Every structure is written in structure tokens, then in C-alpha cells.
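The values are calculated or read from the model by the stated rules, or taken from the named source; none is laboratory data. Remember, it's a predicted structure, so these values are computed and weren't measured experimentally. Methodologically, a virtual Cβ is constructed for each residue, glycine included, from the backbone with ideal geometry; neighbour enumeration extends over all protein chains shown.
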Amino acid sequence: MKKIISVLLMLMLLFASCLLSSCGLLDAFSGRVPTTYASAEKYTAGNTEFEGSVDTLGIWWQDGSVTVKTHKENTVKIEESANRTLDTTFSLHWRYYNTTDYGNVLYIQYSASGNFDFGDLKKDITVYLPENDEMDLSLETDAASVDLDVSGFENTLEELHVITGSGKISAKIDSADEAWIAGQNDDDVPEKNREFLFHASGTVYTLGISTSYAKVDASVKDLRNGEVGSVFGDLVFSAEKTRDLKLRNSANKISATVLEFKNIDIETYDAPCELILSPDASFVLTVKEKDRFNHTATPTEVLVDYETVTKNGSQYTVGEGENTVSVATSSELHIKPLQNESES
């Protein structure tokens, strides 16, 4: 039986880098994040491959992409490529060592310690780890503007934490006790680079996704508790089964498909919301007059496309009304049954 793999991905824009370097020079260097780190003399420059396992992986990256994968070799492999020729100063630097508390530790830095300005340098890094059911991995990434891809980790996780400053996130896993993805994207970032993609083929006990300008596309087979939200990006969500689900948006659409549920709570404002449920769904829909911030919400249209629906004031009952749907919206709300392809 597979041991739980813990993957911790934390991208704390500017904050962690300043803590590491005790730096107050961000304005002087036009917002660039310095890479000053402790024990710099113990790091080695350049790509590498060596036999070993990794329990704790830390990656500090400035601009480009970070990809973490598993492979069938018994080696750890680190590869980077760049948009210009690199000397040892601007090549990645890595350190591998063993600790009592954190096991085998691998730290990877963007460059030699002490750099502040990288010009137009962009680098892509791929880290390969050996497939190992006994691996207990903790991964931390601190980045300024990076596309992060952990879709090669289709494993059971204990925790998945992702916080990003700017960039696309792609995470494809089996199951997780907890999964958290949060990020602050800007509207001047190309739309293709403003996506949070999350897919879990098994059970996730707790899921939290929050972003500003990024589109969210999340799917989970079995979700126990979840809150998924975007402010200025479309939100697409699907689950075969969920117990408690919260969906949040402000300026863009919500499209959700949920086949089995206990409680769904939705808040959306300036764009329509479409909720697709099973054909035999049984629930009471309550259209709330106010959201959780006590702001008035008046829907422009409410359509519950079930034959058995009955209406009583702000409540709509479908079937026996065994489950609950609560919605606060100032736009259109459309709830309809899932159709077979032959029926659509």
C-alpha cells in the first residue's frame, strides 16, 4: 500500500525572499527579487544527476517555469535551460544534504547568492525524482513570475500547498488530505498564463482555491469540503461527489457540475452562474437576499429547470428537498439537470 506523499508548494512573492536576505531594496532594484541565501558556499552550480532520494525539496525561482516530475530511474536529476548563455554566476545552484528532522534535503536556487538584477533572463527548470512509494516529499517553491507544473505527480498527497505571484499552475494528483492553491495574477499577464488547473482522480478531504485574474478549472472525483473562488476569471468546477462546497466569483462566470452533494453555497455578482446537477437531484434552493458580507444581492433571473420544482417565496424545492443549495447573486442563476449526450 502506498505511503502518503506530502507535497508542499509555497510561492510567497517577495515576502520570503526579503526574509531570507533581510532586504529592503526592492524599490531600488525596480521590484526585482534578490537571491541572497545562507550557506551559499555549500551550493554547487549547474545541472546535475545523482543517485538518492529526496524528502524535502525547496526551489527558489525568479522568472520562467518550474516543473517537478517522477521518473523510473533511481536518480535525482536537475536540468535548466535559459534564453541566453549562462556562466556559473547565473546558473542554478543546488545543495543536497541529510537532516534528522527533514530527511534528505535538496535546495535549488535561481543563481549564485547575492544577485539582484537579472535583466531579461528567463530560465526553465525541470526536477526529476525517482518513483518511490515510500517517498515522503515536502516541496516549497518561492517565485516571482513562474509557471508551475506538478502534473507529473499523479500520487496520493498528504498536503498540496501552492501560493504563486504570477504564472500558470497545473496540478494533477490522485488524492489528498488537503489541497490549497492561491495566487495573485495581474490582468496584463497573457491570458494563457493566467490559469489554475487542478485535477484529482480520487478523494480530496479539503480543497481551497483562490485567485484574482486567473481562470480556475478544477475537477475532483470525491470532495468532502471545498471553497473555490476567482475574482476576475471564469470558474469551472466539477465533482462526482461532494459534501460541503462553496463557489465564489465577482466579475466572471461560474460553471459547475456536481452529481452528488449535501450542501452547496454560491456567491456570484456580475456574471451568470450555471449549476448542473444530477437528473434525480433532491434539494431546496434558497436565493439569499444578502451575501456573507451583508451586501444585498438581487438576481436578474432564477431558472430551475426541473419538472418537479415548487416555489415558495425565495425557496425552490426539487424532489424531496433532501439537500441544500444557497445562492447570493446579482446576475442570472440557472440550475438544470445533467443531460446524456444523446439528449443534448
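Exactly one residue out of Gly64, Gly114, Gly58 is surrounded by fewer than 17 Cβ atoms within 10 Å (Cβ to Cβ) and either within 24 Å of Gly167 (Cα to Cα) or among the small types (Gly, Ala, Ser) (or both): that is Gly114. Assess whether Ala251 counts as being surrounded by fewer than 18 Cβ atoms within 10 Å (Cβ to Cβ), among the aliphatic types (A, V, I, L, M) and farther than 19 Å from Val325 by Cα. So Ala251 fits the description; yes. Could you tell me whether any residue of the range 300-313 is out of contact with any strand residue (DSSP E or B) (no Cβ under 8 Å at 6 or more places or on another chain), on the phi > 0 side of the Ramachandran plot, surrounded by fewer than 18 Cβ atoms within 10 Å (Cβ to Cβ) and among the small types (Gly, Ala, Ser)? Looking for residues that are out of contact with any strand residue (DSSP E or B) (no Cβ under 8 Å at 6 or more places or on another chain), on the phi > 0 side of the Ramachandran plot, surrounded by fewer than 18 Cβ atoms within 10 Å (Cβ to Cβ) and among the small types (Gly, Ala, Ser), one finds at least one in the range 300-313, hence yes. Within the range 271-310, being of a type in the set (A, V, I, L, M, F, W, C), within 16 Å of Leu245 (Cβ to Cβ) and touching a residue at least 60 places away in the same chain (Cβ under 8 Å) holds for Cys273, Leu275, Ile276, Leu277. Restricting attention to the range 79-122, the residues being among the aromatic types (Phe, Trp, Tyr) and in contact with a helix residue (DSSP H, G or I) (Cβ under 7 Å, 6 or more places away or on another chain) number 1. Being over 16 Å from Ile254 (Cβ atoms), in contact with a Ser or Thr (Cβ under 7 Å, 6 or more places away or on another chain) and either among the hydroxyl-bearing types (Ser, Thr, Tyr) or in a strand (DSSP E or B) (or both) is the filter here, so list the residues in the range 189-222 that pass it. Answer for the range 189-222, where residues must be over 16 Å from Ile254 (Cβ atoms), in contact with a Ser or Thr (Cβ under 7 Å, 6 or more places away or on another chain) and either among the hydroxyl-bearing types (Ser, Thr, Tyr) or in a strand (DSSP E or B) (or both): Leu197, His199, Ala200, Gly202, Thr203, Val204, Lys221, Asp222. Taking each residue of the range 58-85 that is at positive phi and looking for partners that are in a strand (DSSP E or B) and among the small types (Gly, Ala, Ser) with beta-carbon atoms closer than 9 Å, six or more apart or interchain, yields Gly64/Ser81; Gly64/Ala82; Gly64/Ala143; Gly64/Ser145. Asn98 satisfies every condition listed in (1) modelled with pLDDT under 95; (2) out of contact with any strand residue (DSSP E or B) (no Cβ under 6 Å at 6 or more places or on another chain); (3) exposed (fewer than 12 other Cβ atoms within 10 Å of the Cβ) except (2).
Residue-by-condition table, conditions (1) under 20 Å from Val231 (Cα atoms); (2) assigned to a loop (DSSP other than H, G, I, E, B):
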{"residue": "Leu245", "(1), (2)": "yes, no"}
{"residue": "Ala251", "(1), (2)": "yes, yes"}
{"residue": "Ile266", "(1), (2)": "yes, no"}
{"residue": "Pro279", "(1), (2)": "no, yes"}
{"residue": "Arg292", "(1), (2)": "yes, yes"}
{"residue": "Glu307", "(1), (2)": "no, yes"}
